[in-house]
Structures are given as C-alpha cells and as structure tokens.
Amino acid sequence: MGGPAALMLTMGGIGRVIIAHGGDMISPDLNRQVLGSERVLGRPRAEDFGDYLRSMNQFVEVEAIGHEPNATEAAELAERCDIILSCPPTFEERLRLNRAAVEAGIPFIDAAQWGMTGTLIVVKPGETACLECLYPEPPPFEEFFPVVGAISAATGSLAALEAIKILSGTGDPLWGKMLTYDGYRGKVTTVQLQRRALCACCSSR
Amino acid sequence: MKIQISYTGRSYQTAAILPAEITLDDGGTVDDALHLLTKDLADDQQLPMSCLLAVSGEHIGTLASHTNQSLQDRDELILIAPVAGG
C-alpha cells in the first residue's frame, strides 16, 4: 500500500519522498507491489523502489531507507518531513510512526487493508484523535491475511490524495476521521473519531 | 426499534454471518445490541476486543471499552475490526 501511495505522490510532483521498507522483494509481494516486478525478485526492496520512483519523475527527490525505522530514527525522520504516511504491516510500526508524527506536530495518515477492505485515518496532532487514541495497545499481529492488490492501490492512492490535499491546502482533508471502504459490498463509511482523554501519546498536546 | 449493523475489517468472512439488522426494545443500548449479535457466535468467531465501535458515524470506543449509550430507531452500529495490512 505504501507503494501506490509513494508512486502517486511522486507522479504528483511532491518535492521529496522518503520511503522506508526493509527486506527483499519476494513473490508474495507481486499481487500488490506496484513499485516492484518479477525482474527485481530477491533484491532489496527500498533500493529498487527508489530507482523506480526516480524514473517516474526527475523533479522529485527520492530517498530510500532499507529498513523499518526504530523509534529514534522515526523521530528524526519526522523532523525532516511535512507529513507521514503509515502503511507498514504491524500495529507496532504504525503506532511508532504515529508517535513520531504527534511529537513532531506533523499530519499523519494511516492506511491499511484486509482482503477487499481498506481503512484510512487522518490525524492532526493535538487537535484530532491519533492512532494511539484508538488502539492504546497494538491489536494482535496477523501474519497471514488475504490481500487483493486492487484494494492496496485504491487505499494507497486515497492516502496520497489526502496528503496532497493537506500539503496544498486544497479541499477538506479527513481530519479526525476514519474512512473505510468495504470492497465486498462497495460501501464507504466515514466515522468521526474521538480523542481519548488519557491517551499516552497525544493527550498532553 | 430497528438497528442497522455494519461490519468491516479483519475477519470479514466470519463477521459475514452477522445480521444486517437487529430489533431491540425501546431504550436498548449498545451493549444490548452487542450481546444480541455475539451471543450465538462460536469461540473462534468472537469479534476482537480491539474492534472499533461507532454509532451512526460517531466513534464510541472499542468492544473492550466504550460508552454504553442508548440507541435510537434506525441507528447504525458500525464495527470495524483492526486492520494493519500493508
């Protein structure tokens, strides 16, 4: 999902894109990873994804980091960014990025998928609910789950659209809302999220 | 009163057995609705406690911790199981 989001941001001419993705390209990625292909199987993801993004728009600066940032690195990256898009496979990583965004005071967009469903959460630190308001503890990790590439592309693109809206000051971003797309039924739902008064991440901000 | 039920997210197939609508007595609450929805589910079909809950578009917490508010006729109870697929 981070692939389509990064691709849409790069094609849209965002000034600089930093992607962080550990590991090598493997065949199970191929159903949804628009930045990879069978030609780069077995190669480090970030390096090839960065090359592909650069090939799509020479005017965009692309930085590729070949591992998932730890908390310190995430905080340092947040200080260099105007917005964070969160698309990793675990809630631990998502909550880490959420905290980095809240501490840096920059917008945070979380995009996730399961099967034919996608969810999007848009956070304005200090004003709207953050991801930790919703999940004080990371929900159990699900190692194997179904993913349809079309929902990855759709949800990742919507995340990029929200980022472009926020960065360009255009339209009404989904601040403090969760948008879900139930692709099984073709149903879109938007929920207004509540801040948690005792949120360890954002309540003091 | 009639309450619409929407479920999305993780374990979608399991939740597909949930009814699209339930009937509660007037003054029924979120917990009444949840009890009706889950009482006949097998142990391996139970919804995750971190499942988010919303009533007619307003988030009220999770299955484990939420405001047990009264429901109104035609309210929509939304259940969103946590999703982290990247």
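Data for the structure
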quantity	calculated
Average partner coverage of A:179-188, which counts Cβ from other chains inside 10 Å	3
Stokes-Einstein D (µm²/s) once Rh is taken as the Kirkwood radius of the stretch A:1-142 over alpha-carbon pairs, at 37 °C in 0.692 mPa s	210
Solvent-accessible area buried by pairing B with A, both sides, nearest 100 square angstrom, 1.4 angstrom probe	2300
P(r), alpha carbons of the protein assembly as shown - 10 Å bins starting at zero, rounded %	6, 28, 34, 21, 8, 2, 0
Under Karplus coefficients 6.51, -1.76 and 1.60, residue-wise ³J(HN,Hα) of the stretch B:75-86 in Hz, glycine/proline x	4, 10, 8, 10, 10, 10, 6, x, 10, 9, x, x
Within the accessible area of the protein assembly as shown (1.4 Å probe), percent carbon and sulfur	51
D (Stokes-Einstein, µm²/s), Kirkwood Cα radius, the stretch A:1-59, 0.890 mPa s at 25 °C	213
Shielding by other protein chains, B:74-84, mean Cβ within 10 Å	6
Chain A: antiparallel DSSP beta bridges as a percent of all, rounded to 5	65
Per principal axis, descending, Cα span of the stretch A:70-196 in whole Å	38, 35, 26
A:Glu73/B:Lys2 FRET efficiency (R0 51 Å; Cβ-Cβ; nearest 0.05)	0.50
Range of Cα positions in the stretch B:2-73 per principal axis (Å), largest first	31, 22, 18
Residue range of chain A that is longest and free of GluC sites (Glu not before Pro) which are both DSSP loop and sparsely packed (at most 13 other C-beta within 10 Å)	A:1-126
Average accessible surface area per residue within the stretch A:2-192, 1.4 Å rolling probe, Å²	45
Fully extended contour minus Cα-Cα distance, from A:Ile18 to A:Leu30, at 0.36 nm per residue	2.2 nm
√(5λ) per eigenvalue of the Cα gyration tensor, the stretch A:30-89, largest first, Å	22, 15, 10
Vicinal HN-Hα couplings computed from phi for the stretch A:41-56 (Karplus, 6.51 cos²θ - 1.76 cosθ + 1.60; Hz; Gly/Pro x)	4, x, 9, x, 4, 4, 4, 6, 5, x, 4, 5, 4, 4, 5, 8
Calculated from backbone phi, Karplus (6.51, -1.76, 1.60) coupling profile of the stretch B:18-34 in Hz, x at Gly/Pro	6, x, 7, 8, 10, 10, 10, 5, 4, x, x, 10, 4, 5, 4, 5, 5
Under 5 Å, built H, 5+ apart or other chain: amide partners of A:Ala129	A:Arg195
Average beta-carbon neighbours from other chains, 10 Å sphere, peptide A:102-114	2
Residues of the stretch B:2-73: accessible area per residue with a 1.4 Å probe, Å²	49
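The values are calculated or read from the model by the stated rules, or taken from the named source; none is laboratory data. Just so you know, these numbers come straight off a predicted model, no measurement behind them. Backbone-built Cβ (ideal geometry, glycine too); neighbour counts: all protein chains shown. SASA here: full protein model, heavy atoms, side chains in, ligands and nucleic acids out. Shrake-Rupley method; radii C 1.70, N 1.55, O 1.52, S 1.80 Å.
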